[in-house]
Amino acid sequence: MHVSGSHAHLRGSRVVVRYALETPDRVSGARLTDVVGDLVDAGEESIVVDAAHGRVSIPRSAVLATRVVPPRPSRRGAPHRALSVEDLERVMVGAWPPSEQDRLGDWMLRSAGGFTARANSALVVGHPDRPVPAALEVVEQWYAARHRAPVLALPMAPGARLADDDVAATAIRSGWVAGDPVLVLTGATRPIATTAQLPATDIEIETVDHVTDAWFATYARSRSASREHVEAVLQGSPAQWFAVARSGSSAVLGVGRVGIHAGWAGIGAMWVEPEARGRGIGTAVLGSLLQRAIEHSCVSTHLQVESANAAAARLYRRLGFTDHHTYAYLGRG
């Protein structure tokens, strides 16, 4: 099914939809009700939700509000450990959303003007709507039409090998090349925010809900990107906050961002000026962003770090993050 309109980016998400009943409930007399389930379709005429008691089709004219809620836990344990790999990957999309997306069965094709591999790759979760070789051809065609190199983002459970994944094996046999894995870490928001306190120095941290000139100028030193594409992605979450750390002289020393989606906080765009590293500035930026996340009732937080960045991974683990899973990018050789 095709998803369009303001709910297009929510397809596959778990949502609660409040809508008006055609006639009042016979028992309670209520005129409004809610349905909770997975969003299947959001067309011009109706919204379709897979609820526990079956599929529900709601006339668009009756819908009063739609809100994304966290996926159901798939295992016991702390909330940040309880989601499956695929469910967490879907949550993560909302914290770093592409400016354009399409569906290939369960796979998500994402584009954002080339700003970051995360927003410009096909997220391989679930199953495509055709055999894998044919799906890979569609991926290539979709990105070629946008003058982009095709890239797959393929999540893996802890300890899994890329060579054992059917999609990865098929892609590699046909010439796709895998890069180094990316680590996905999760943690409990409040305890980590408490640990990541601002050091007793002259550092001041400001958080705002949009990309500022100072924030962008500093972040642009970490990667080359147009401001248009940066803003399209980083201001596209349901809510987001940007942190700028300054010294007493007002010089910007570091930046970071948190994107909020489905009750989770997603940390990204972290950067500290090389000459200011080792002073706890990155930790303080993280703590300030998580305080904002707490205000939005985010119990859990996720972030990604390249496996080669061992120093960053050690820092995040020391603060309380733990490994959830990994993913790898595969590009056309």
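When each of the peptides 211-218, 263-270 is scored by the mean number of other C-beta atoms lying within 10 Å of its residues, the order from highest to lowest reads 263-270, 211-218.
Near Trp271: Cβ cut-off under 15 Å, other residues only, Lys/Arg at +1 and Asp/Glu at -1. The net charge is +3.
Descending by average beta-carbon neighbour count within 10 Å, the peptides 43-55, 287-299 line up as 287-299, 43-55, the highest first.
Give the shape of the chain as rounded, prolate or oblate, defined through the alpha-carbon gyration tensor: a ≥ b ≥ c are the square roots of its eigenvalues, a/c under 1.5 means rounded, and otherwise the shape is prolate if a/b is larger than b/c and oblate if not. Oblate, since a/c reaches 1.5 and b/c is not below a/b. Positive contributions from Lys and Arg (+1) and negative ones from Asp and Glu (-1), summed over other residues with Cβ under 15 Å from the Cβ of Leu154, come out at -1.
Helix-derived [θ] at 222 nm for the chain: sum -39500 (n - 2.57) over DSSP H runs of at least 4, divide by residue count, nearest 500?
Value at 222 nm, helices only: -7000 deg cm²/dmol.
With the highest mean first, a sort of the peptides 307-315, 165-173 on other beta-carbon atoms found within 10 angstrom per residue produces 165-173, 307-315. Overall shape: oblate for segment 79-182, with the ratio a/c of the largest to smallest alpha carbon gyration tensor axis at 1.5 or above and b/c at least equal to a/b.
Please say if segment 220-314 is rounded, prolate or oblate, where rounded means a/c under 1.5 for a ≥ b ≥ c the square roots of the C-alpha gyration tensor eigenvalues, and otherwise the choice is prolate for a/b larger than b/c and oblate otherwise?
rounded
Close amide-amide hydrogen proximity is noted between Ala122 and Arg110, Val151, Leu152, Ala153, each under 5 Å apart and 5 or more residues distant or on a separate chain (H modeled in the peptide plane; Pro and chain starts excluded).
Distant-in-sequence amide contacts of Glu100, defined by a placed amide H-H separation under 5 Å and a gap of 5 or more residues or a different chain, comprise Ser111.
For Leu83, the amide hydrogen comes within under 5 Å of the amide hydrogens of Ser74, counting only partners 5 or more places away or on other chains and with H modelled in the peptide plane.
Our coupling estimate for segment 259-264, obtained by passing each phi through the Karplus curve with A = 6.51, B = -1.76, C = 1.60 and θ = phi - 60°, is x, 10, 7, 6, x, 10 Hz, Gly and Pro reported as x.
The Cβ shell under 15 Å around Val208 holds other residues with a net charge of -3, Lys and Arg each +1, Asp and Glu each -1. Here the 3J(HN,Hα) profile of segment 190-195, calculated from phi with Karplus coefficients 6.51, -1.76 and 1.60 at θ = phi - 60°, is 5, x, 5, 4, 5, 5 Hz, Gly and Pro shown as x.
Laboratory data are not the source of any read-out in this text; all were calculated from the coordinates shown. As the structure is a computational prediction, the values presented were derived from the model and not from experiment. In this analysis, Cβ positions are derived from the backbone assuming ideal geometry, glycine residues included, and neighbour counts consider all displayed protein chains.
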